[in-house]
Amino acid sequence: MGIIQRQGLKNILITYAGILIGFVSLLIIQPRFLTKEELGLTRVLFSFSALIGTFMPLGVQFITLKYFPLFRNLDKRHHGFFGFMVLFPFVGYILASLVIFLFHELFVSQYRAQSVLFTTYFDYVFPLILVLGLINVLSSYCYAIYKTTVPSFLNDVVVRILFIAIILIYYFGYVDLDKFILIYILIYALQLLLLFTYILLYDRPGLKIDFSFLKNKDPKTMISFGFMMSLAGLTSLGLKFLDIVLLGKYVALSLVGVYAIAAFIPTLIEAPYNALDRIIAPKVANAWANQNTEEIRDIYKKSTKYMLLAGGLLFIGINLNISTLMNLLPPGYNAGIPVVLIISLGTLLNMATGSNDSIIYNSSKYRYGTYLLIFLFLFAFAVNIVFIPIYGIIGAALATAASALLYNSIKYVIIYRLFNMQPFDGSTLRIIFVIVVTGTLSLFIPEAGSPYLSIAVKSILITLLYLSLTYALKIVPEFHHHLLFWKKKG
């Protein structure tokens, strides 16, 4: 089993464990132990800080993924690349903090009408931006050295468990809201500390920069690349959090809480993508560095096939059970049902186009991706401010799905025109057939008594049907030999 399969499997297991914990947290714990306003506060606070925290490293996380192979030398402690890397986020933090400080009143005024609670705790974004930005940088370093499981475990499992713990502590009155928000930020600070400790113990990177070696690697080109990619990263994450940030301006914080619950559910579909891309990105970067286009072409096709196949099953399972699931939540959350369907359609499309981000942004044509993201951010901003005032949270979902459709369509064209690569083949049509047939037949599955039993029965039946069709159509014959009965047959 290769490195992508091994670490990809570990990351998928960790990601799904994290999603299970997140499911318990966001769909069971938070709606019952936090008010909708308090839930909305944590989402807007995190989204705003993460948005700024993406730009704060000034693109060094992308420099790390693309250029670290040129510095890799454990005996020479990678020529002090780590020291070079950590300079960027502190410079970026000073710049970001200065902008927020100078335009503090402008930022706060945008939320005063609908999200007063967020304006009360707005200043907490200053430490949270720093922590999230540094986590982003150190996680990229771990990906570059092919150690992805620990940062994934910290982010997807540890942080979510600790968040559940502080919610319970707050609910039972051991801390007030001020201390709750403070501890919420300290959880991410702990994640940062553990990540930094892991890197020091495992890799023992050098902080002293080898300037003579760095000079030979054309640092101006590296920094230019990083700046362009920081714009790409900002707009990419902006697309992820823009809906939450703008909802806080146009609708009540309680509706932001409802939307946060609904928008979380489709993230289950993207779990395989997020897990595998942590491994695929550095592999694609190395392949580009070695001009190995055949390896990239193979990764592109396989990632598309596997992600669409996994995403299709999850899409059906989520939307088949969403009404039953939402009825288990406190009153008011049913308004999020259409949000789940709309966003999950955009998410499935993202899965269907495979590892296109890694291919574009690790190539010499990365500027095309940056220009595309800037255009898309402006498009998403425009459709959000048009749709949200008219349709509320459904408008935010429509804007998100429309942005995903446009973004992935253009990326497909870019890769095809610039690199003569496209990932679809006959297996794509067979996967779509499986999705359509399974989705249609799933509508005829009756309810099975209690909501929990109904969800379990439906999920088991559609999974068996989906996998049976996948096997019968030989969509992934390379995995047939892993099946026990196949071995016995052979």
- Query: FRET efficiency for residue 286 and residue 215, Cβ-Cβ distance as r, R0 = 30 Å, nearest 0.05?
  - Reply: 0.85
- Suppose every K and R has +1 on its Cβ and every D and E has -1 on its Cβ; what is the size of the dipole of region 1-247 about the Cα centre, in Debye to the nearest 20? 840 debye
- Among 130-137, 175-182, what's the highest-first ranking by average C-beta atoms within 10 angstrom per residue? 130-137, 175-182
- State the Kirkwood hydrodynamic radius of the chain in Å, one decimal place, computed from all pairs of distinct Cα atoms. 23.7 Å
- 10 °C / 1.306 mPa s Stokes-Einstein diffusion coefficient of region 256-303, Kirkwood radius on C-alpha pairs, µm²/s: 126 µm²/s
- Derived scalar couplings ³J(HN,Hα) [region 141-154; Karplus, 6.51 cos²θ - 1.76 cosθ + 1.60; whole Hz; x for Gly, Pro]: 5, 4, 5, 5, 9, 6, 10, 9, 6, 5, x, 5, 5, 4
- Which lysines does residue 76 reach when only Cα atoms under 21 Å apart count, and residues fewer than 8 places away in its own chain are ignored? 66, 147, 208, 215, 217
- Item | Charge sum, other residues only, whose C-beta stays under 12 Å from residue 333's C-beta, Lys/Arg counted +1 and Asp/Glu -1 | +2
- Task: In debye, nearest 20, what is the charge dipole magnitude of the chain about its Cα centre with +1 on Lys and Arg Cβ and -1 on Asp and Glu Cβ, if you could check?
- Result: 1300 debye
- Message: I'd like to know how region 211-325 sits against the 2.2 N^0.38 Å rule of thumb: what's its Cα Rg over that expected value?
- Response: 1.48
- Message: As an exercise, use a Förster radius of 51 Å and the Cβ-Cβ distance of residue 420 and residue 334 to find the FRET efficiency, rounded to the nearest 0.05.
- Response: 0.60
- J(HN,Hα) series, region 63-75, from Karplus relation 6.51 cos²θ - 1.76 cosθ + 1.60, nearest Hz, glycine and proline x: 4, 4, 5, 8, 9, 4, x, 6, 9, 4, 6, 4, 5
- Item | Convex hull volume per residue for region 169-253, taking Cα atoms only, in Å³ | 174 Å³
- What FRET efficiency do you get for residue 437 and residue 390 if R0 is 60 Å and r is their Cβ-Cβ distance, rounded to the nearest 0.05? 0.95
- Item | Stokes-Einstein diffusion coefficient of region 1-247, Kirkwood radius over Cα pairs, 20 °C, 1.002 mPa s, in µm²/s | 111 µm²/s
- Item | Student exercise, region 337-490 dipole from Lys, Arg, Asp, Glu Cβ charges, in Debye to nearest 20 | 460 debye
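Every read-out reported here was derived from the displayed coordinates using simple, explicitly stated rules and does not represent laboratory data. This one's a predicted model, so the numbers in the text were calculated from it and none came from an experiment. Heads up, the Cβs are rebuilt from the backbone with ideal geometry, glycines too, and the neighbour counts pull from every protein chain shown.
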